[in-house]
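Beneath this line is the structure, given in structure tokens, with notes to follow.
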Amino acid sequence: MLSMERVLLLSETSSTLVSPMGDPNSLILSLPCLLLTTLALLHYPTYSVAQTLFVFGDGYYDAGNKQFLSGNRVDANSPPYGISVGEATGRWSDGRIVPDYLAGFMSIPRIPPILRSSADFSHGASFAVADATVLGSPLETMTLSEQVKKFSRNKNKWTDKALSEAIYLTYIGSDDYLNYAKSNPNPSADQKQAFVDQVITSIEAAIKLVHEAGGRKFAFQNLPPLGCLPMVKQETGNEKDCVKLPSEMAALHNNNLLKLIEKLAQDLESFQYSFYDFFSSVQNRVFEPETYIFGTGTAACCGTGTLKGTDCAAKNVCVNPKEYVFFDGKHLTQEANFQVAHLMWNADPQVSEPNNLRELLVFPLDIPFIYNVKRLDQVGKTGSFVI
């Protein structure tokens, strides 16, 4: 019998059923994509399931790389980070993060940080680092370009077959737009578009480098409404309403990123992808937290200030993180990460276009990829936000 938490995920997955036990073998594929994929596989009966996962991004995906680059104390290495799993692991959450759950759904071990030289990288590596950006060169982190170069230098750790069948998971850009909004409080429409174009151009170059190195299956998590982060609202004094400019920039970025990926699917050989609408998922939970079994989507679990938006420390943590969407002023709780991972893995095209990650995993490399099932912006998802 489905638990209430899992039933409520159906409001975002439509025809998709989510397993109450987190067992990917009991999940049902979204029906439109399942039919198309099944028809393709009837003609190409031999296919393989990826056993390798590569992760690129910032603090949302960082599995512990930050500690190897920082000369200072890293907050995620100490409680209250990790309190829901009994220890701090360098992850910016009270417990597991999205790549951890996705690795579990793939039936492989959690993916280790690339900078932990003693780790077992047989199933992939995480290059994500907290505070990472697409543009610029912030201290004690790696930009997306630097992460991809690190991947290229280490690709001999894996076979060509593993590289071609692997999933390449990416989430990055939040800090680019948060920093831009702080420095440019009143940009014109042309200025906003020009900055987004710079970010997208750099992302395109990174994707092409991964593709040249053998990558074929790409998964993207777009940006949330950044003006709804507790840290942003608290800093700007908008404790009740989301801040307009950061959310606008995120929505503009998401639309342009989707257009880029659709173009790459046409231009690059065997390029396959899954694009998850994280923006709408966060927006839903911020404004209707009870629907998703959260107590609040406004304040963070850990921190100080009216929305607990800054200074997360052991003395400032809530009693039950599962009641919160945000653990600190910027990052999600383990429970929110769990819901996000399930949506990426098994949602229908209104949430993950054109295929979810589970479908992408088994799609053969030697047939044309079905990439235009339904556009997110055509169903009123990507690019919409509530002020």
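Here are the numbers:
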| quantity | calculated |
| --- | --- |
| Asn355 long-range amide H proximity, modeled H, under 5 Å | Phe275 |
| Built amide H within the under 5 Å cut-off of Phe218, gap 5+ | Tyr168, Gln272, Tyr273, Ser274 |
| Cut-off under 5 Å, modelled amide H: who pairs with Thr310 long-range | Thr304 |
| Ranked Phe275, Phe327, criterion: other C-beta atoms within 10 Å, fewest first | Phe275, Phe327 |
| Relative contact order for segment 4-379, counting Cα pairs under 8 Å that sit 6 or more residues apart, in percent | 20 percent |
| From phi via Karplus (6.51, -1.76, 1.60), per-residue ³J(HN,Hα) for segment 273-289 in Hz, x at Gly/Pro | 7, 10, 10, 9, 7, 5, 3, 5, 4, 5, 4, 4, 6, 5, 8, 9, x |
| Rough spin-label spacing in nm, given labels placed 7 Å along Cα→Cβ, for Glu269 and Glu323 | 5.7 nm |
| Ranked list, fewest to most other Cβ atoms within 10 Å of each Cβ, for Cys318, Cys228 | Cys318, Cys228 |
| Ranked list, fewest to most other Cβ atoms within 10 Å of each Cβ, for Thr143, Thr159 | Thr159, Thr143 |
| Computed Rg/Rh of segment 4-379, alpha carbon atoms with Kirkwood Rh | 0.94 |
| Full-extension gain in nm, Ser118 to Asp197, via 0.36 nm per residue minus C-alpha separation | 24.6 nm |
| Residue-by-residue Karplus 3J(HN,Hα) for segment 122-134, coefficients 6.51, -1.76, 1.60, Hz, glycine and proline x | 5, 10, x, 7, 9, 9, 5, 9, 4, 6, 5, 10, 7 |
| Separation of alpha-carbon centers, segment 300-364 and segment 47-68, rounded to whole Å | 16 Å |
| Stretchable slack from Phe68 to Asn156, in nm (0.36 nm times residue separation minus alpha-carbon distance) | 29.5 nm |
| HN-Hα J in Hz across segment 318-329 - Karplus 6.51, -1.76, 1.60, θ = phi - 60°, x for Gly and Pro | 6, 7, 10, x, 4, 7, 10, 6, 9, 7, 10, x |
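Rule-based calculations on the coordinates, nothing more; no lab input. Every value quoted in this text rests on a predicted model; they were computed, and no experiment measured them. Cβ: placed from backbone, ideal geometry, glycine included. Neighbour counts: every protein chain shown.
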